[in-house]
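Right, one structure below, let's go through it.
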């Protein structure tokens, strides 16, 4: 073979006749493989060594090659001279397994170490075998728990996507299964509540469109309320309770309560949401103001509306609709002057109108604000500039 190669190079007229290093490299081999322990788990630390000594555990044993294991239990090496070797797995300076192997010139050798093989297990001491069986039981339990968590995460993801898409039936099925499988997980109950609230709102919308009543609405909203209460209770009792769950569940609970006329309880829920997540307090206070305002359309009472709007404005001065709601809450308090020729505006009303126009000069309620100011005899500005954010 060497002569044939040299002749071919010569005929080709190449100037690279003398390449002893290259010819030698062609005779070297590579090796790779996987190492797993007696529990059939990857050995994630240590190395595989090659030796020509017959006893790799002897104090004077010499190793020609050493290749580190990666976190998947794999190793690989190059530049190996052909020959007969013992492949040895080393961990913390100790020999834990070895296998004989013959490596040919130019070969890419596969040498796997499977310490779960019968021959290896049979050589273990009774104490080590007992420890192995206990480890397997614990690993099986952990694997089962991980599989359960993976399934719950899949159900959670499905339910969230279905709720967003308006497929409340699918979301309800997924979260009913999830809460049955793990009834002590707050986020699952909160997500179930989201699906139930979505279903209730959709049913209410259909009833309004058809100008009918739906006797099941009360039960639907009650189911959502119960799920949110369950989520809040579990989250509060958990050592790893999350404020974002407290905030979101209270916010949506506030909506469910407001839909059934429980305005005091709804306001309390929104207040709790703002306390749990101050960064989003403006949104929660606005939702409180909007819920109280919508309830006033039925009750005729504006109790708490302006106060909630003020809190929303304080948390987020750029929320135009908060100024609108405040103006509507204060408008019924307008009185006439003693001579009956003019009007007296309650404190804060004119400012709310002007602030709305500053923040949203072309907003959907801009003309309403201008008309209200004009009716009060206030000068209506014709040019407004929204503040920089």
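The values are calculated or read from the model by the stated rules, or taken from the named source; none is laboratory data. No experiment lies behind these values; they were computed from the predicted model shown. Virtual Cβ from ideal backbone geometry, glycine too; neighbours counted across all protein chains shown.
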Counted residues in the range 240-251 being touching a helix residue (DSSP H, G or I) at 6+ places or on another chain (Cβ under 6 Å) and in a helix (DSSP H, G or I) come to 7
When you scan the range 281-290, do you find a residue that is farther than 26 Å from residue 204 by Cβ, within 31 Å of the chain's Cα centre (by Cα) and assigned to a loop (DSSP other than H, G, I, E, B), even just one? no
If we take the range 39-130, then strands (runs of 3 or more DSSP E) inside it with 3 or more residues that are closer than 28 Å to residue 141 by Cβ are none
**Request:** Consider residue 322 carefully, then state whether it is surrounded by fewer than 23 Cβ atoms within 10 Å (Cβ to Cβ) and under 35 Å from the mean Cα position of the chain (by Cα).
**Result:** no
Within the range 333-352, of all residues that are under 58 Å from the mean Cα position of the chain (by Cα) and in a loop (DSSP other than H, G, I, E, B), the one surrounded by the fewest Cβ atoms within 10 Å (Cβ to Cβ) is 347
- Using the structure shown, decide if residue 355 is more than 18 Å from residue 264 (Cβ to Cβ), in the same structural domain as residue 247 (by TED's automatic domain parsing) and over 36 Å from the mean Cα position of the chain (by Cα). yes
